[in-house]
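Reading through the structure tokens given below for one structure.
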Amino acid sequence: MSSKPRSQLEIFPNPYPRRDYSVRMDCPEFTSVCPKTGQPDFGRIEIEYVPDRACIELKSLKLYLWSYREQGIFYETVTNRILEDLVRACRPRWMRVTGRFNVRGGISTDVVVEYRQRGKSGARARG
């Protein structure tokens, strides 16, 4: 596998597809670019999900997140896009992505987005 940034996510079969369990990933070194100023934005991306048939492979996630380093993108857009891409890749029962962005102009920003698979019982949001 390449160690260059890329937007493709890889998955692997869930070893316990009949059980609800949480997977939590913390990516404390997320960077992108402010589309207004061109300045770098720094933050943390936290991902929690209840897998269904597939899990997200971690190195591909790292390379995927790196692909945002050169992109001019608003916090709200990047957090929602990460959720959409992860859901498309692994089809979880439930997922939450939280973007915690560092202070800019005296204001820190958190963006929280969730997905819940329709028709599946047992997957509950955890607070």
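Coordinate-derived values only; no laboratory data. The model shown is predicted, which means the values in this text are computed figures rather than measured ones. Methodologically, a virtual Cβ is constructed for each residue, glycine included, from the backbone with ideal geometry; neighbour enumeration extends over all protein chains shown.
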Ordered by number, the chymotrypsin sites (Phe, Trp or Tyr not before Pro) in the stretch 1-88 that occupy a DSSP loop and have at most 13 other Cβ atoms within 10 Å are TYR21
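Of the trypsin sites (Lys or Arg not before Pro) in the stretch 11-68, which ones lie in a loop per DSSP and count no more than 12 other C-beta atoms within 10 Å? It would help to have the intermediate numbers written out before the result.
Numbers: sites: ARG18, ARG19, ARG24, LYS36, ARG44, ARG53, LYS59, LYS62; in loops: ARG18, ARG19, LYS36, ARG53.
When the trypsin sites (Lys or Arg not before Pro) of the stretch 11-68 are filtered for loop state and at most 12 Cβ neighbours within 10 Å, ARG18, ARG19, LYS36, ARG53 remain.
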Please compute the Cα-Cα pair-distance distribution of the stretch 33-98 with 10 Å bins starting at 0, giving whole percents from short to long. 19, 52, 23, 6, 0
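Can you tell me the mean projection area, over all orientations, of the convex hull of the chain's alpha carbons? Units nm², please.
Values: hull surface 32.1 nm².
Result: a mean projected hull area of 8.0 nm².
Remind me, relative contact order of the chain in percent, using alpha carbon pairs under 8 angstrom and six or more residues apart?
Working: 248 pairs, mean separation 34.6, N = 127.
Worked out over the chain, it gives 27 percent.
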With the convex hull built on the alpha-carbon atoms of the stretch 15-54, volume per residue in Å³ sits at 80
May I ask for the angle, rounded to the nearest 10°, between helix 75-90 and the longest principal axis of the chain, with both axes built from Cα atoms and the value confined to 0 to 90°? 30
Quarter of the surface of the C-alpha convex hull for the stretch 1-72, i.e. direction-averaged projected area in nm², equals 5.3
When Lys and Arg each count +1 and Asp and Glu each count -1, what net charge do the other residues less than 11 Å away from THR98, Cβ to Cβ, add up to? -1
